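**Q** This is the structure I have questions about; it appears just below.
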Amino acid sequence: MSTCSVSKGCFVFKPSTKKRRSSEKAAHDFRSRSDDAEDTELRFVTCQSLWKQIKSETEQIQEDLNKQLLDNLVSFLSRSHSEFQEKTTEWTCRMKFREIPTAALVLGVNVTDHDLTFRGLSDALQDNITPYIALLEAKDCPGIKNLMQKLMGQLMNCDIDVDSLEDEDCVQVSQNRIRCSMSSLISWYESVTKKTDSETPSKKRNSSSRHWQSPPVIVIFKDMESFTTKVLQDFIVISSQHIHELPLVLIFGIATSPMIIHRLLPHSVSSLLCIELCQSLSCKEHLSTIIDKLLLTPRFPFKLGEKVLQVLINIFLYHDFSVQNFIKGFQLCIVEHFYSQPLSVLCCQLVDVKKRVYSLSHGQCENIRRLPSFRRYVEKQESGKQVALLTNDSFLKEETEKLLEDLHVYHENYVSILRCLHVFTSSLPKYPLGKQIRELHCACLETRVWETEEYESSLQLARMLNKTDLVTMLQQCVEILMSSSGKEFDKTVEKLKEFLTQFQNLEAEASQERDVSVSSQKELQKKTDLYHLQKTLLELKESRRSKKLTKFEMLRFEVVDYIDSLVRKYLVPADHRTLHEIMYFNAATVLRGHLNAAPRTALHTALNNPHWYLKNQALKCDGGGISNKAPDICIVYKLHLECGRLINLVDWLEAFSTVVMAAEEPNADAASSDQVDDTIHARFIRAVSELELLGFIKPSKQKTDHVARLTWGGC
């Protein structure tokens, strides 16, 4: 591409918005890099299909969680806009004080998720309320002039036809010709609303019926804390003077606290805002919903192991609080599992298991036999069955189908009993097994939860629950098991209902016992001789010493013991199940290497051993030697590791020249050697400058021909 500029410079040409064939390239990379090329196409298709389902589910969750926030925002906008349209007394008073309707959205510290939230809100507002929405970021608005240019550029693009947006130069020229001021914005808004009211045919006016009459102009400050005080002050003061002509509404995206508005703006400016507070859902609650819908469900066959799930949760809790990063990590687990595990072709829905099992090749059958969980299963069988499993592929496929069906049934039962156990443990004092269900899930995946001290203390606390709480918990468990897809819980539901009936019967018996106790007290109050009185008191004392359990206490013990039996039966850790490797991703080290970045270690590896990343056999050197074919910065870096605190540049250059000239012919002429020396000198200077830029060295004030080394330990 060429330009008409007469000066030299760097010009950016954005690529055309053509749909890339990324899926074909991804499938090719998936096949070419896979260790086992067998069934790679089917594994790739299964991986894509699974991720599409999970992605649509996460988008639906995000939409549901933002619904309350959007409803509050629409209600606020409708009140503000109706007052502007009807010119009511309240609006007149507000206009008198020049107040601008402002919504303060408190979104939390998970800043990386804000972009998706604002995008969803912007799309919803554009579809139903107004097409005039501008999203502003602090990095694009260092001054009031830049803010007005960005604001008018985004708003006026709403009025340009979609077909005219293909040539970006035309749009740029049209924006530059318009004077960026509030009066220009008001003139544009009046012309646009008049055009909308008149019956002018246009492609974009087909959706005008969805928008409000004289729709408001919404300006969203995505990161309000990052804007400079002067820019916000100037914009608010200017806008307040024209609020009677332009239905302007401001939305502040706040990550910390609403008090930041009063810290950034003086009272004279903040008094120009009519602020409505809108609170979004906590990011921890959002994460709990994601885990509940994606992991604690039998809908998706793919599962995360305990260590992998703990890595993702720790990154969320101790790094960024970003739900989107958690979902991206979950996506990485899916891709890594289907890429590295040849048997992940069987990680599919139960209806497809039989077809895929019987289409397995002999090599895939051998992969099944090599699984650790399957080898443990074979060792427990009798000798005849062991021989059949290890030699007969047909018998192996039949057994594999049964084991995978059992694994699917295990997932259904596991989720239901886990929720029932969480009902009992989530309200106990000090939460021995955790307050969130994800903590209980990790504990159950890690080990047999009934063997832990936390579980024992939970049982002891559960045996002291009062009747009201116990009945409520049993009712919740009945609802969970009745809504479950598991077919083994009919008897369990009947047993729990029987417990509820017994608790109801206890109330009637308790009332009768109260009547009996009252009558016995009356008998004691009657006149009697000393002998009978002493006998009665001794009987009462003896009954108190024996401390016989009441019927309620016995029934409570029976309920807790029954829940304990369900836990021991259904909450067996997943790694104790046969063929769990097919559906569970347990490579926590691989995931940690991808997500927990160690830039200094990676940089040392790249410079010390370039073959690790470049995969060039010529760069491979044994014994810690230095290859003259390595990049210059790698040679300079290896030489600097051999030096002390101060490095002599002359000695460093000579060593560099020696390594580089190692492959040169010894009988080269003098002219060519001088030319090579100049080239080598230039290469050395460039490599040293790159090392200084990376922070490995710095100039020394002690000696001008030396540099100081800044890093030690080799990484």
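**Q** Below 12 angstrom from the Cβ of Arg683, what's the summed charge of the other residues (Lys, Arg +1; Asp, Glu -1)?
**A** Around Arg683, the surrounding residues sum to -3.
**Q** Still on this model: Would you mind working out the magnitude of the charge dipole of the stretch 358-506 relative to its Cα centre, with +1 at each Lys and Arg C-beta and -1 at each Asp and Glu C-beta, to the nearest 20 Debye? Mind showing how you got there, number by number?
**A** Values: 19 positive and 22 negative charges, 45 e Å.
Roughly 220 debye, rounded to the nearest 20.
**Q** Follow-up question, since we're still on this one. Calculate one ³J(HN,Hα) per residue across the stretch 598-603 by plugging θ = phi - 60° into the Karplus curve 6.51 cos²θ - 1.76 cosθ + 1.60, and present them in order as whole Hz with x for glycine and proline.
**A** Couplings: 10, x, 5, 5, 5, 5 Hz.
**Q** Assuming 0.36 nm per residue, please report the length gained on full extension of the stretch Val351 to Ser257 beyond their Cα-Cα distance.
**A** 28.8 nm
**Q** In whole Hz, what ³J(HN,Hα) sequence does the stretch 315-323 give by Karplus (6.51, -1.76, 1.60; θ = phi - 60°), x for Gly and Pro?
**A** 4, 5, 6, 10, 10, 9, 6, 9, 6
**Q** Here's something else I'd like to know. Would you list Arg419, Arg370 from the most to the least accessible area, probe 1.4 Å? Spell out each step's value before the answer.
**A** Working: Arg419 60, Arg370 145 Å².
So, going from the largest accessible area down, we get Arg370, Arg419.
**Q** R0 = 22 Å: FRET efficiency of Trp450 with Leu549, Cβ-based, nearest 0.05?
**A** Numbers: r = 23 Å, r/R0 = 1.06.
After rounding, the FRET efficiency stands at 0.40.
**Q** What's the extension gain from Lys435 to Cys621 if we count 0.36 nm per residue and subtract their Cα-Cα distance?
**A** The span from Lys435 to Cys621 would gain 61.5 nm if fully extended.
**Q** Read phi for every residue in the stretch 262-279 and hand back ³J(HN,Hα) as whole Hz from Karplus 6.51 cos²θ - 1.76 cosθ + 1.60, θ = phi - 60°, with x for Gly and Pro.
**A** With the stated coefficients, the stretch 262-279 comes to 6, 6, 7, 10, x, 4, 5, 9, 5, 5, 7, 10, 9, 8, 10, 8, 10, 10 Hz.
**Q** Right, here's the next one. Under 5 Å between amide hydrogens, which residues at least 5 positions from Leu277 or on another chain qualify, with H placed 1.01 Å from N in the peptide plane?
**A** Here Ala104 satisfy the definition.
**Q** R0 = 51 Å: FRET efficiency of Leu603 with Gln504, Cβ-based, nearest 0.05?
**A** That pair, Leu603 with Gln504, gives E of 0.15.
**Q** Another question, then. On average, how much accessible surface per residue is there in the stretch 309-468, in Å², for a 1.4 Å probe, leaving out ligands, DNA and RNA?
**A** 47 Å²
**Q** Determine how large the accessible area of Met661 is when every protein chain is in place; take a 1.4 Å probe and give Å² rounded to the nearest 10.
**A** Met661 has an accessible surface of roughly 60 Å² with all protein chains in place.
**Q** Give me the distance between the Cα centres of the stretch 351-418 and the stretch 256-335, rounded to whole Å.
**A** If you average the Cα positions of each part, the centres end up 39 Å apart.
**Q** How much accessible area does Ser49 have with a 1.4 Å probe, in Å² rounded to the nearest 10?
**A** Roughly 50 Å² of Ser49 is accessible to a 1.4 Å probe.
**Q** Ok, one more. Compare Phe557, Phe585 by solvent-accessible area with a 1.4 Å probe and give them largest first, with all protein chains kept in place.
**A** The ordering from most to least exposed comes out as Phe557, Phe585.
**Q** When the solvent-accessible surface of protein heavy atoms is calculated with a 1.4 angstrom probe, in what order do His604, His362 fall, highest first?
**A** Result, largest first: His362, His604.
**Q** Out of residues 5 or more away from Val217 or on other chains, whose amide H comes under 5 Å of its own, with H placed 1.01 Å from N in the peptide plane?
**A** Here the answer is Leu248, Val249, since their amide H atoms fall under 5 Å of that of Val217.
**Q** For the charge dipole of the stretch 548-608, defined by +1 on Lys and Arg C-beta atoms and -1 on Asp and Glu C-beta atoms about the Cα centroid, which residue among Pro573, Thr601, Ala587 has the Cα displaced farthest towards the positive pole?
**A** Thr601
**Q** Another question, if that's okay. In the P(r) worked out for the stretch 265-412, what percent of Cα pairs fall beyond 18 Å?
**A** Distances greater than 18 Å cover 69 percent of the Cα pairs.
**Q** Within the stretch 409-432, which residues have the backbone N less than 18 Å from the label spot 7 Å out from Ser565 along Cα→beta-carbon, could you tell me?
**A** Correct set: 417-418, 420-421.
**Q** I've got another one for you. Please give the solvent-accessible surface of Arg299 in Å², to the nearest 10, using a probe radius of 1.4 Å with every protein chain present.
**A** Accessible area, nearest 10 Å²: 120 Å².
**Q** Taking a threshold of 20 Å on the Cα-Cα distance, which of the pairs Lys385/Lys487; Lys67/Lys284; Lys293/Lys467 fall above it? Present the calculation step by step, with values, prior to reporting the outcome.
**A** Values: Lys385/Lys487 29 Å; Lys67/Lys284 17 Å; Lys293/Lys467 32 Å.
Where the Cα-Cα span goes over 20 Å, the pairs concerned are Lys385/Lys487; Lys293/Lys467.
The values are calculated or read from the model by the stated rules, or taken from the named source; none is laboratory data. The model shown is predicted, which means the values in this text are computed figures rather than measured ones. As a convention, Cβ positions derive from the backbone with ideal geometry for all residues, glycine included, and neighbour counts pool all protein chains shown. Accessible surface is based on the protein model in full, side chains and every heavy atom, while ligands, DNA and RNA are left aside. Shrake-Rupley method; radii C 1.70, N 1.55, O 1.52, S 1.80 Å.
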